[in-house]
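Structure first, then comments.
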Amino acid sequence: AKTLNSATFKAYVESENWELAETAWNLLDSAEQNKAAYLEAYIEVLTQLKMDDETQKQVQTLLKIDPKNTVGLTYQATAVYERAEKRYRTEMAAYAAHKTRKQYAQLLEALKLSTEEFKEARDMFETVYEQTRDKAVAGYLANIYARLNIPDKAAYYKSKAQ
């Protein structure tokens, strides 16, 4: 039964039957649910089903098992990057619309937070890039270095992203 449950889960993932794969996940025993390969597949299932909270929880589990796992780091780094980028754009637009001292102070505070998040995402993306040499990851790194105002590294990663 254990082997059958594993095979069923894998088959559902490979055939992109996301709802059935999510149901089949619950039939796996905890030892299999704590294996990196199964967690990576389950994260894909959860991502496709847009179950963000559960995805984040499973990413954390995966990173506890394997701190340098590319799937986990990519998901985590992307989430941190998007949060920082959204804050950056929102505050820059607000400042452009209302160039007041109060808005400027708010912009500076938001930029501090975004900078810290960009650095956090950068560290994770660099680990992933060392492992994969993925062009999409290089694109994220180019954007991060541009936001951090480090033009040489931004240009380097931009060239790798093409």
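The values are calculated or read from the model by the stated rules, or taken from the named source; none is laboratory data. Model, not experiment: these values are computed from the prediction. Here the Cβ positions follow ideal geometry from the backbone for every residue, glycine too, while neighbour counts run over all protein chains shown. Quick note on the areas: whole protein, heavy atoms, side chains included, nothing else; ligands and nucleic acids left out. Shrake-Rupley method; radii C 1.70, N 1.55, O 1.52, S 1.80 Å.
Computed from backbone phi, the HN-Hα couplings of the range 129-137 come to 5, 4, 7, 10, 6, 6, 5, 5, 5 Hz, rounded to whole numbers (Karplus: 6.51 cos²θ - 1.76 cosθ + 1.60, θ = phi - 60°; Gly and Pro given as x). Relative to the longest principal axis of the Cα atoms of the chain, helix 2-14 runs at roughly 40 degrees.
Fully extending the segment from Lys135 to Glu54, taken as 0.36 nm per residue of separation minus the present Cα-Cα distance, adds 26.4 nm. Loop-located trypsin sites (Lys or Arg not before Pro) in the range 1-107 (DSSP state other than H, G, I, E, B) with a sparse environment of at most 16 neighbouring Cβ atoms within 10 Å: Lys35, Lys50, Lys68, Lys99. In this label model, Ala37 and His98 are separated by 5.5 nm, measuring between points 7 Å along each Cα→Cβ vector. For the residue pairs Lys57/Lys160; Lys112/Lys160; Lys2/Lys57, alpha carbon separations beyond 30 Å are given by Lys57/Lys160.
Carbon-plus-sulfur accessible fraction, the chain (probe radius 1.4 Å, protein heavy atoms only): 51%. For the chain, the C-alpha radius of gyration sits at 1.27 times the compact-globule guess of 2.2 N^0.38 Å, with N the residue count. Exceedance of the 23 Å cut-off in Cα-Cα distance is limited, within the set Lys35/Lys68; Lys50/Lys153; Lys86/Lys158; Lys35/Lys135, to Lys50/Lys153; Lys35/Lys135. Available extension along the chain between Glu116 and Asn26 is 28.7 nm, counting 0.36 nm per residue and deducting the alpha carbon span. For the range 8-128, the solvent-accessible area of protein heavy atoms averages 59 Å² per residue (probe radius 1.4 Å; ligands and nucleic acids excluded). Our estimate of slack between Asn5 and Ala155, defined as 0.36 nm per intervening residue step minus the Cα-Cα distance, is 49.2 nm. In summary, the aspartates and glutamates within cross-link reach of Lys119, defined as a Cα separation below 17 angstrom excluding same-chain residues under 8 places away, comprise Glu82, Glu85, Glu109, Glu130, Asp152. Would the range 1-69 count as rounded, prolate or oblate if I go by the C-alpha gyration tensor, calling it rounded below 1.5 in a/c and otherwise prolate when a/b exceeds b/c, oblate otherwise? Verdict is oblate for the range 1-69.
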